[in-house]
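Inspection log for the structure reproduced underneath, given as structure tokens.
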Amino acid sequence: MNAVKRCQALIAATLLIGIGACGGDPTAPGAGKDLSIRATPGAVWVRNNTSATVNIEAVDKLGGPAEGSWAVGTITGPFTAVIDTTFQNTSAGALNLKARFVITPITEGEGSVAFTGTGGTIIVPVRVAPDTNAFAVTISDLTPTIGDTITVTAPAGTRFTAGTTVNFYNGPLSRNLQQGATPKITSIDAPDSTVLHVIPPAGAEGQLRFTGISNPSTPSLTVAARSTGVMTLVDTKNLTATYSTGTTNITPNTAIDITLTQPGYRFRTGAGAAADTTSITAPFPGSAMAGVMTLLPDSTHMRVFLPPGYRTPVGFNALFNAAQPYYNLALPGKDSIKVDSLPQSGLGQDDPNVGPVGAITLPAMAVNDVYVFWDNGTLTAPDFVGIGQHDNDQFVQILITTAGRYRFSVSWDGSASAPDIDNYIMNSALTGFRATCGSCSTNPEVLTTSAVTPLAAGSTQYWASTLWDGQKPTRFRVKVTRIS
């Protein structure tokens with residue numbers, strides 16, 4: 001009995017000594033000495049088209065951590081290794097106790113990578129295994145053009161199901177984004193369901209990624225996989241078009257009619273199953289007011305009004321190709337459009353008392369037709385008609401070609417602080433108002449003339465604007481719509 005007690009006491013004493021000298025205790029004998037380098041994991045197995053990580057750290061003779069730095073040394077094998085600069089080993093305490101490196105395969109094979117730094121050098125074996133998710137389908141055409149249908153045949157032992165989807169990805173599975181819109185599967189052949197027909201969307205490229213694939217013996221179990229073959233980009237190109245004004249030296253405030261000439265491409269008019277309407281992207285540097293468009297009845301024609309000084313291609317949104325009407329496309333025009341700038345004085349003289357002011361002649365306009373004009377924010381005319389404050393007004397003469405009721409939507413920009421601006425439509429004698437927005441407190445301000453007293457053909461009206469408070473805006477945009 002006494003011998004057993006002495007043995008238990010000896011074991012307990014030994015455990016206490018071991019605990020007192022464990023790694024991580026900076027006061028323990030040997031702590032911080034005889035550093036060595038450690039890798040976790042000590043060997044890497046990674047599947048091709050994926051990636052893996054390795055943590056590198058230094059430890060002392062007791063196994064305790066030590067701060068340090070490490071780098072990639074010699075690489076032998078079909079892969080790369082780089083430090084993960086986003087990795088942080090802890091949220092509290094020393095940050096330099098560990099580093100993470102990312103192993104990215106180039107192809108299948110074996111090799112090793114050396115890591116050097118605090119604690120010495122360590123060699124980590126790396127094996128790049130075949131991509132077991134690769135799906136050896138047969139693809140009828142790896143270089144399709146827009147609108148082509150490709151046929152995909154599944155390998156023996158697999159089949160497509162009602163839940164199968166197809167997308168296109170370019171690059172390794174874990175580090176890429178879908179290319180193009182979600183494709184349209186036109187059909188899956190019966191009865192064996194091993195043949196699938198799909199139309200790659202514009203912009204699709206890379207491997208085909210499938211979901212909902214099953215084995216005939218276990219039809220309820222589905223998996224995801226990707227093709228071994230890689231499809232080239234289904235090119236959409238830049239849109240070619242003709243421009244009624246040409247593409248250079250366009251007079252400001254001129255309507256530009258655009259006709260698409262790229263075969264198969266169309267504008268959406270808001271009708272049909274896809275009730276989208278094509279819009280344009282025509283920003284103007286330094287301005288919140290972009291170009292304005294109106295679709296013409298033919299789906300290949302559009303009328304646009306671009307800001308004075310515009311210098312880039314027009315972008316088109318919600319286009320479609322006749323071969324793929326179920327996809328919306330966003331494409332830039334091929335040509336840069338160059339609109340001349342207005343002179344610093346804008347459309348002309350602000351003050352009708354001094355001389356003829358700047359003038360705009362509206363074209364013949366059917367109901368719902370739109371005309372747009374820009375003017376610089378000059379606002380130098382004195383107030384002689386009681387609309388605003390002294391020397392803070394401007395006037396533009398508007399000549400009416402078609403009698404009717406009109407809506408004027410006035411926008412402005414260009415100041416650091418929001419200016420307090422009021423807008424008016426006045427008669428030719430500047431003695432009465434056709435429409436007012438003296439307390440709208442909006443931008444744009446919308447002014448609509450009377451349904452009882454339409455603006456007469458051949459008449460002269462004035463758009464008048466006054467600045468009550470704030471900085472003078474750089475420019476105005478006036479959108480005129482005939483509403484009846």
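Brief remarks follow.
- Annotation: amide H of Val372 within the under-5 Å range of Val480, sequence separation 5 or more or interchain, hydrogens built in the peptide plane.
- Estimated at 0.36 nm per residue, the fully extended path between Thr161 and Leu95 surpasses their Cα-Cα distance by 18.7 nm.
- Between Asp420 and Asp84, full extension at 0.36 nm per residue minus the direct alpha carbon distance yields a gain of 115.7 nm.
- Gyration tensor verdict on the range 331-484 (Cα atoms; rounded if a/c is under 1.5, prolate if a/b is larger than b/c, oblate otherwise): rounded
- With Cα atoms, 0 to 90° folded angle of helix 2-20 axis to the chain main axis: 30 degrees
- Gyration tensor verdict on the range 338-384 (Cα atoms; rounded if a/c is under 1.5, prolate if a/b is larger than b/c, oblate otherwise): oblate
- From the coordinates shown, mean projected area of the Cα convex hull in nm² corresponds to which of [x] 23.7; [y] 41.0; [z] 25.4: [y]
- Backbone HN-Hα couplings from phi across the range 456-464 [Karplus 6.51/-1.76/1.60, Hz, Gly and Pro as x]: 7, 4, x, 7, 10, 10, 10, 8, 10
- The Val72 and Ala318 beta-carbon pair, evaluated with R₀ = 45 Å, returns a calculated FRET efficiency of approximately 0.40.
- Spacing of the two label points (7 Å from each Cα toward its C-beta) at Asp235 and Asp141, in nm: 1.5 nm
- Cα centroid of the range 433-479 to Cα centroid of the range 242-263, whole Å: 29 Å
- For the range 384-473, the dipole from Cβ point charges (+1 on Lys and Arg, -1 on Asp and Glu) about the Cα centre works out to 420 debye, to the nearest 20.
- In summary, the aspartates and glutamates within cross-link reach of Lys479, defined as a Cα separation below 12 angstrom excluding same-chain residues under 8 places away, comprise Asp369, Asp375, Glu445.
We did not get these values from a lab; they are worked out from the coordinates using the rules stated. Keep in mind the model is a prediction, meaning the values are calculated, not measured. Neighbour counts run over all protein chains shown; Cβ positions are idealised from the backbone, glycine included.
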